[in-house]
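The block underneath contains the structure these notes are about, expressed in structure tokens.
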Amino acid sequence: MSGTAPLKRLYIKTYGCQMNVYDSERMADVLAPLGYGVTDSPEGADLVVLNTCHIREKATEKVYSELGQIKMLKREKQAAGGGTMTIAVAGCVAQAEGEEILRRQPAVDLVVGPQSYHQLPELIARAHRARGERLAADFAADEKFDALTAERRPTGVSAFLTVQEGCDKFCTFCVVPYTRGAEWSRPAEAIEAEARSLAGQGVREVTLLGQNVNAYAGEGGLAGLVRRLARIEGLDRIRYTTSHPRDMDEALIAAHAEVPELMPYLHLPVQSGSDRILKAMNRAHTAESYRRLIEKIRAARPDIAISGDFIVGFPGERDADFEATLQLIRDVGYASAFSFKYSRRPGTPASALPGQVAEEVKDERLTRLLALLEAQQQAFNERQAGRVLPVLFEKPGRHPGQIIGRSPYLQAVHATAPDRLIGQIVPVRIESAARNSLAGVLDLETA
Ligand code: 5AD
Ligand code: SF4
């Protein structure tokens, strides 16, 4: 060890999507050279970063209530003579609310939007000199990635890799085009270099991230990128999320048929099964075009697991529209899904629409939707029983002697096996299925 600086404790709490998970890791990477080591509790931390999500109203409110609690910890630390705790708010709430956060919660030292994380070291130094420093968050995304030069230190065998940011789709319910800005893709060479570095450090699986990852506009599009990364030695599994039906092109569908490293799992949100609602959402697809698209993808890769996002209670949604959503779900058959009650986001077109749906109606629809999707998920998991699946083991399980990994379909798989198999892809005979995981035994015949 050469550094003499005492280790400072950094606590990062991440809300929302995988993009934020990736960004949080990168923040830890840029702060490491300043002596910050990651800790898993905010108590006594020198720097607390809340990496926030703005997608639904509740997500924003959670941030303010969390800040209230961290303020107490800040006071306690100071009172105990432990020095200052710097509090930073990052992510999409920071981008959207900006100075409003500093007004509402005076304990916050720093507000930094998603395009500006490379400036964190400098911002923190400034915040230590004077409270209230903040950054206008309208820097170009390419600048962010060029400037985030710190070497990545992956913590496991599966890693996220951001390839695209922002969204130009302007679904009428969504804040992302406003908080994350226009669609922008990283150059393929930079992504490949990062993937090679990850593979060299033992990463076996990457999940390519983007708000509209299948709109990746770098050389070769997403299909070309997948093929390029599939050639990297040691990188055995590639996933990508999240996609828009509009950008699911022939080349990408062909990659699902032809690239064995591309895992048979696709998150392809549809939001609603009613054409009237899809139109009001500005989704640029119909329920029928989505069904046909799924058929095409299944023709290329018959065992692919389909996952989706659904919104109930979009303004103007009637019973018949909701029934159409249930019918679409029955027709497609989902392996997993995320469902949300429509949440009115200030500044989005849908927030001003007439016909806002009553909360009780949303609750009732969500309950019915969840029951159907959960039954489908359970059925999908049960269909794996008796099969032998390649499992990438990731970590020790909760019970001694048990380890946990992922199937190609992203299901969690538990097995009794030695820790040394962590980081390896091992055939596992699936014996039982629950809604959220599978259990199996090592398949010694095929191993
Ligand atoms: N209300 C409810 N759900 C929303 N989503 C995005 N915006 C809203 C909103 N205003 C959901 C969509 C999207 C997922 C990430 O979050 O289903 O696909
Ligand atoms: Fe939001 Fe629609 Fe863009 Fe997805 S595609 S981020 S839902 S605007």
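Before moving on, here are some points about what is shown:
- Screening the stretch 240-261 for residues that are within 20 Å of residue 410 (Cβ to Cβ) and part of a loop (DSSP other than H, G, I, E, B) and picking the one that is nearest to the chain's Cα centre (by Cα) gives 242.
- Candidate set: the stretch 310-349, residues that are among the β-branched types (Val, Ile, Thr) and in a strand (DSSP E or B); chosen: the one farthest from ligand 1 (Cβ to nearest atom): 312
- Residue 80 more than 23 Å from residue 338 (Cα to Cα), without any contact (Cβ under 8 Å) to a residue 12 or more places away in the chain, of a type in the set (A, V, I, L, M) and surrounded by fewer than 20 Cβ atoms within 10 Å (Cβ to Cβ): yes
- Within the stretch 163-190, the set of residues being touching a helix residue (DSSP H, G or I) at 6+ places or on another chain (Cβ under 6 Å) and more than 16 Å from ligand 1 (Cβ to nearest atom) comprises 163, 184, 186, 188.
- In the stretch 415-435, residue surrounded by the most Cβ atoms within 10 Å (Cβ to Cβ) [restricted to those that are out of contact with any helix residue (DSSP H, G or I) (no Cβ under 8 Å at 6 or more places or on another chain) and part of a loop (DSSP other than H, G, I, E, B)]: 417
Results for (1) crowded, with 23+ Cβ neighbours inside 10 Å; (2) in a helix (DSSP H, G or I); (3) of a type in the set (Val, Ile, Thr); (4) within 19 Å of the chain's Cα centre (by Cα), shown as yes or no for each residue.
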position	(1), (2), (3), (4)
194	no, yes, no, yes
198	yes, yes, no, yes
211	yes, no, no, yes
214	yes, yes, no, yes
218	no, no, no, no
225	yes, yes, no, no
228	no, yes, no, no
238	yes, no, yes, yes
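- Residues that are away from ligand 2 (no atom under 11 Å from the Cβ) and either free of Cβ contacts under 8 Å to residues at least 24 places away in the same chain or not small (Gly, Ala, Ser) (or both) within the stretch 339-348 comprise 341, 342, 344, 346, listed in sequence order.
- Contacts under 9 angstrom Cβ, first residue in the stretch 154-174 being acidic (Asp, Glu), partner within 7 Å of ligand 2 (Cβ to nearest atom) and not in a loop (DSSP other than H, G, I, E, B), 6 or more apart: 168/177
- Pick from the stretch 380-414, criterion small (Gly, Ala, Ser), modelled with pLDDT of 95 or more and surrounded by fewer than 18 Cβ atoms within 10 Å (Cβ to Cβ), ranking: nearest to the chain's Cα centre (by Cα): 412
- Residue under evaluation residue 206, criteria (1) touching a strand residue (DSSP E or B) at 6+ places or on another chain (Cβ under 8 Å); (2) on the phi < 0 side of the Ramachandran plot; (3) surrounded by fewer than 23 Cβ atoms within 10 Å (Cβ to Cβ), criterion not met: (3)
- Selection from the stretch 262-284 of residues that are assigned to a helix (DSSP H, G or I) and either within 16 Å of ligand 2 (Cβ to nearest atom) or β-branched (Val, Ile, Thr) (or both): 277, 278, 279, 280
- Among the residues of the stretch 278-297, those identified as out of contact with any strand residue (DSSP E or B) (no Cβ under 8 Å at 6 or more places or on another chain) and of a type outside the set (S, T, N, Q) are 279, 280, 284, 285, 287, 288, 290, 291, 292, 293, 295, 296.
- Near pairs, Cβ below 6 angstrom, 6+ apart or cross-chain, from the stretch 179-199 (in contact (Cβ under 8 Å) with a residue 40 or more places away in the chain) to any residue that is outside any helix (DSSP H, G or I) and of a type in the set (S, T, N, Q): 180/211
- Every test in (1) more than 23 Å from residue 55 (Cα to Cα); (2) in contact with a Cys (Cβ under 8 Å, 6 or more places away or on another chain) is passed by residue 283 save one, and that test is (1).
The values are calculated or read from the model by the stated rules, or taken from the named source; none is laboratory data. All values reported here derive from a predicted model rather than from experimental measurement. With ideal geometry, Cβ positions are generated from the backbone for all residues, glycine too; neighbour counts draw on all protein chains shown.
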